[in-house]
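Here it is, the structure, as structure tokens.
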Amino acid sequence: MTTDLNSPTDIYRHVARDVEDILTRFDVPSAHPQLEAHTRAAVALLADFRQRIDEQVQALDRNAEWDAFTIAFYGETNAGKSTLIEALRIALGETSKRDAQQAFEQLQREHGLGEADIAALEGRIDEARHALAALQAGQETAMIQYDSRQTALLDDIATLQAEATSAPASSWWTRLLAVLRRTPKDTRLHDAQRRLADVNAEREAARQSQQARMAQVRQQLLEDEQRQMRQREALQQLTDYADGGIIGDGRSDFTVATGRFAFEANGHSFVLLDVPGIEGDEAKVHDHIDSAVQTAHAVFYVTGKPTAPQKGEAGRPGTLEKIARHLGPQTEVWTLYNKRVTNPMQLQAARLTSEDEAASLADLDGRVASVLVDQYRGSRTVSAHPAFLANARHLVPGSDIARTQRKFLDRMTADELLLRSGFTAFQTFLTTELVDDCKAKIQRSNFNKAREVVDTVAASIATLQQERFQPLSSSLAEDADGAVRQIGLAVKSMRARLRDKGRSCIARYTVRVREHMYAYIEGDHGNEAFTRTLEDCMAREAQQLVEDVGVAMAAQRDRLEQEIASIIETFRQQAEELLDACRGMAVGGLDSRINLKINIDHGIQIGSLIATLIGGAVLLWTPAGWLLMIPSALTLAFSAYKAIRGFLSSEFRQTQQRKTVDENIASAADQLKRRLEDGLNEAFAELDAVVAGIQASLRAPVEQVDHLNQVLITSTRNLQQLSSRIHAQGTL
């Protein structure tokens, strides 16, 4: 395979083309109908594999990244992937993070959202509320004092008025003098009334003054409270641009789409992918996870626990199986243990991980390496939460996370936090060692994923061949050989039975002729009459012999037909059971099932085969043909007898007649036996050819499975060769 690296995505088109060539090269016409049927079955079987390769290669083509080295943060839900990526975004000045920070600062300036601004406004509001309360209390106190003075003056006035009313009657001269000049009491009453008027005026003036001051304070308080409401609304907007926006809130499915963040560091371009968690509702995020791991050139498996990932139960894949499925095609996989730290005191130890955690991580490395083998690079440890707190510069004032940050920074500096959390070392590793020689890594990773698709299918086909088709072929061959042997034994047994039945019928024939002729000879008949009677008797009994042999042969024919039919049906059932075990079989690595279609009835049509068997040995079932020699046998015997018949006496004649009967019967029996044997030999020569056809038909399913087996072996070998070519091309 030659690939133009100036257009690297051609690798996928080349892979698809080569796979199609491998899996369809068997789809060629054949002059042999049976072989062509086998080939069609093989092509149909491989078509499913080709379709799945096409789908996976197309997905790789869609998701492949050739320009920027891409690193996926993959792992368990709520493991801290987003927290770590957010810390890296801040530390490395990722573009979208800088844009968000600028928007944060602008919004903060426009609305006075600094901590000092918020505290000053809060102080003014508290001061105004206290001032308003003091004014209210002062007004109430002053009013009480005014009310007391008013009450005292009113009492004085009432007393003076009462005294004036109750004074004794005076002379007219005294009353005249009272009009012309005031008495001391009048003066006191007048003074009291004047002072009351002054107190009322003073009270009202004081009340209005207090009300004016309170109104002024209320207005200022209202304005500040409205300003605070706007500030809080702006703080809500500020949250959208604050550091930590991509960090989950504890829900299992907070991240449902892959986040993509581009970076520039040390002259390298690279991309970090924030992949949805693999333990949430995977139906929602399945495509995002697959797309992300197909795009990535290196993967960090992030876990919040130092323990090894667990295997699943029946029907439910565990984390280890998910890692194997998702990360198997990767060229570089690291475990990143995100140690959970919620208190700065946890960072006071000399090492970030304890001895127990280190031992657990060693076990984890072994478990993950067992499924990823050469792709696995080991584990690293970082504490993302304090690293984020140390990097964050744009947190919403007064928020919980801002208070948590203050708690950590009160105990140690930001640089110390970054160092003790392992973030400094991880950032250095990420921006130097991991992204070094990234162009070669990109090519190697993308070629390896294409190779992995081919390897997966090759392994699946090899497993299918070794665990299914090879045992199926062996079992079918064993069953077919057994059926062939049974049919051979059935035919051999039938031949022996036919010989026995034929000889038995011949023996009965001789007995009947002898008994009849001996009884006839006792009547002392002439030779001519004897001859005619013997001829008639042998002819008549010959017809009976034909019928007897025909009945015997028909019974054996029916028995053979039933035996062969039973043998074939047993083989059919055994073959069906074997094939049923393979139909709908699961194919490892492809998440699919193969529908195996093999016609075991091909060439095994019982009725037509038996009919052919019967028709192919007509002579075997027509014993009349054997008996055509009887008249000639009689003729030969009587020609010798006629030459001497005139010289015989009655007693001697009877003796000679019996002798003639015995000789002719013996001669006929011998010839019948020889003819029976010759007939069997001739008929079974034809029958053996028919049986061979039946036996070949029984082997047809075996040949079909053998052909499929060879196709799978060849396909596996060719795919493995393609995999080697892809590997060689990817490491140039």
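Go through region 304-346 and report how many residues are over 30 Å from residue 446 (Cα atoms), aliphatic (A, V, I, L, M), at pLDDT 75 or above and out of contact with any Leu (no Cβ under 9 Å at 6 or more places or on another chain).
1
Something else about it: Any chance you could count how many residues in region 330-357 are assigned to a loop (DSSP other than H, G, I, E, B) and more than 21 Å from residue 81 (Cα to Cα)?
Of all residues in region 330-357, those assigned to a loop (DSSP other than H, G, I, E, B) come to 330-332, 339-343, 348-354.
In the following step, the residues that additionally are more than 21 Å from residue 81 (Cα to Cα) were identified as 348-351, 354.
Of the residues in region 330-357, 5 are assigned to a loop (DSSP other than H, G, I, E, B) and more than 21 Å from residue 81 (Cα to Cα).
Please give the number of the condition residue 483 fails out of (1) surrounded by 21 or more Cβ atoms within 10 Å (Cβ to Cβ); (2) out of contact with any Phe, Trp or Tyr (no Cβ under 7 Å at 6 or more places or on another chain).
Residue 483 satisfies every listed condition except (2).
Here's something else I'd like to know. Residue 14 is checked against (1) at pLDDT below 65; (2) part of a helix (DSSP H, G or I) and fails just one. What number does that condition carry?
Evaluating residue 14 over (1) at pLDDT below 65; (2) part of a helix (DSSP H, G or I) leaves (1) as the failure.
With respect to residue 291, determine if the residue is part of a helix (DSSP H, G or I), polar (S, T, N, Q), at pLDDT 80 or above and farther than 30 Å from residue 118 by Cα.
Yes.
Which one of 556, 486, 466, 470 is more than 30 Å from residue 687 (Cβ to Cβ) and touching a residue at least 40 places away in the same chain (Cβ under 8 Å)?
Values: 556 fails: more than 30 Å from residue 687 (Cβ to Cβ); 486 fails: more than 30 Å from residue 687 (Cβ to Cβ); 466 fails: touching a residue at least 40 places away in the same chain (Cβ under 8 Å).
Only one candidate qualifies: 470.
Something else about it: Across region 46-84, which residue is surrounded by the most Cβ atoms within 10 Å (Cβ to Cβ) among those that are in contact with a Gly (Cβ under 7 Å, 6 or more places away or on another chain) and in a helix (DSSP H, G or I)?
Across region 46-84, the extreme among qualifying residues is 81.
Go through region 411-456 and report how many residues are over 23 Å from residue 73 (Cβ atoms), crowded, with 17+ Cβ neighbours inside 10 Å and among the polar types (S, T, N, Q).
Residues flagged as over 23 Å from residue 73 (Cβ atoms), crowded, with 17+ Cβ neighbours inside 10 Å and among the polar types (S, T, N, Q) within region 411-456 amount to 1.
List, please: which pairs have Cβ atoms under 7 Å, are six or more places apart or on different chains, and start with a residue in region 182-199 that is in the same structural domain as residue 158 (by TED's automatic domain parsing) and end with one that is modelled with pLDDT under 80 and surrounded by fewer than 16 Cβ atoms within 10 Å (Cβ to Cβ)?
What qualifies is 185/163; 185/164; 189/161.
Another question about this same structure. Taking the options 535, 541, name whichever one is over 25 Å from residue 556 (Cα atoms), surrounded by 14 or more Cβ atoms within 10 Å (Cβ to Cβ) and touching a residue at least 24 places away in the same chain (Cβ under 8 Å).
Working: 541 fails: over 25 Å from residue 556 (Cα atoms).
That would be 535, the only listed residue that is over 25 Å from residue 556 (Cα atoms), surrounded by 14 or more Cβ atoms within 10 Å (Cβ to Cβ) and touching a residue at least 24 places away in the same chain (Cβ under 8 Å).
Please state which one of 510, 424 is assigned to a helix (DSSP H, G or I), of a type in the set (Val, Ile, Thr), over 28 Å from the mean Cα position of the chain (by Cα) and not assigned by TED's automatic domain parsing to the domain that holds residue 690.
Numbers: 510 fails: not assigned by TED's automatic domain parsing to the domain that holds residue 690.
Checking each option against the conditions leaves just 424.
Oh, and also: Can you tell me which condition residue 65 does not meet? The list is (1) modelled with pLDDT of 70 or more; (2) touching a Ser or Thr at 6+ places or on another chain (Cβ under 6 Å); (3) farther than 30 Å from residue 337 by Cα, and all the others hold.
Just one mismatch for residue 65, condition (3).
Further, regarding this structure: If you check every pair at least six apart or on different chains, which have Cβ atoms under 7 Å apart with a residue in region 105-132 that is surrounded by 12 or more Cβ atoms within 10 Å (Cβ to Cβ) first and a residue that is assigned to a helix (DSSP H, G or I) and of a type in the set (Lys, Arg) second?
Listed pairs, sorted by first residue: 111/230; 121/227; 132/218.
Any residue at all in region 319-339 that's of a type outside the set (D, E, K, R) and without any contact (Cβ under 8 Å) to a residue 24 or more places away in the chain? Steps first, please.
Filtering region 319-339 down to residues of a type outside the set (D, E, K, R) leaves 319-320, 323-324, 326-331, 333-338.
Still in the running and without any contact (Cβ under 8 Å) to a residue 24 or more places away in the chain: none.
Among the residues of region 319-339, not one is of a type outside the set (D, E, K, R) and without any contact (Cβ under 8 Å) to a residue 24 or more places away in the chain, which makes the answer no.
Looking at residue 463, is it among the polar types (S, T, N, Q), within 24 Å of the chain's Cα centre (by Cα) and surrounded by fewer than 20 Cβ atoms within 10 Å (Cβ to Cβ)?
On the way: among the polar types (S, T, N, Q): yes; within 24 Å of the chain's Cα centre (by Cα): yes; surrounded by fewer than 20 Cβ atoms within 10 Å (Cβ to Cβ): yes.
For residue 463, the condition - among the polar types (S, T, N, Q), within 24 Å of the chain's Cα centre (by Cα) and surrounded by fewer than 20 Cβ atoms within 10 Å (Cβ to Cβ) - is met.
Say whether the condition of being polar (S, T, N, Q) and either modelled with pLDDT of 85 or more or buried (at least 18 other Cβ atoms within 10 Å of the Cβ) (or both) is met by at least one residue in region 577-600. Quick ask: steps written out before the conclusion?
So in region 577-600, the residues polar (S, T, N, Q) come out as 592, 595, 599.
Right, trim to either modelled with pLDDT of 85 or more or buried (at least 18 other Cβ atoms within 10 Å of the Cβ) (or both) and you get none.
No, that holds for no residue.
Could you go through region 368-389 and let me know if any residue there is crowded, with 16+ Cβ neighbours inside 10 Å, assigned to a helix (DSSP H, G or I), of a type in the set (Gly, Ala, Ser) and at pLDDT below 90.
Here is the first cut: in region 368-389, the residues crowded, with 16+ Cβ neighbours inside 10 Å are 368-369, 371-372, 375-377, 379-389.
With assigned to a helix (DSSP H, G or I) added as a condition, the list becomes 368-369, 371-372, 375, 384-389.
After this cut, where a residue has to be of a type in the set (Gly, Ala, Ser) as well, the list is 369, 384, 387.
Within this subset, residues satisfying the condition of being at pLDDT below 90 are none.
No, region 368-389 has no match at all.
When both residues are 6+ apart or on different chains and their Cβ atoms are under 8 Å apart, which pairs have a first residue that lies in region 695-713 and is closer than 9 Å to residue 465 by Cα and outside the structural domain of residue 464 (by TED's automatic domain parsing), and a second that is at pLDDT 75 or above and aromatic (Phe, Trp, Tyr)?
none
A follow-up question, please. When you check residue 88 against the structure, is it out of contact with any strand residue (DSSP E or B) (no Cβ under 9 Å at 6 or more places or on another chain), buried (at least 18 other Cβ atoms within 10 Å of the Cβ) and within 29 Å of residue 437 (Cβ to Cβ), yes or no?
Values: out of contact with any strand residue (DSSP E or B) (no Cβ under 9 Å at 6 or more places or on another chain): no; buried (at least 18 other Cβ atoms within 10 Å of the Cβ): yes; within 29 Å of residue 437 (Cβ to Cβ): yes.
For residue 88, the condition - out of contact with any strand residue (DSSP E or B) (no Cβ under 9 Å at 6 or more places or on another chain), buried (at least 18 other Cβ atoms within 10 Å of the Cβ) and within 29 Å of residue 437 (Cβ to Cβ) - is not met.
The values are calculated or read from the model by the stated rules, or taken from the named source; none is laboratory data. Keep in mind that what you see is a predicted model, and the values were worked out from it rather than measured. Neighbour counts are summed over all protein chains in view; Cβ atoms, including those assigned to glycine, are modelled from backbone coordinates with ideal geometry.
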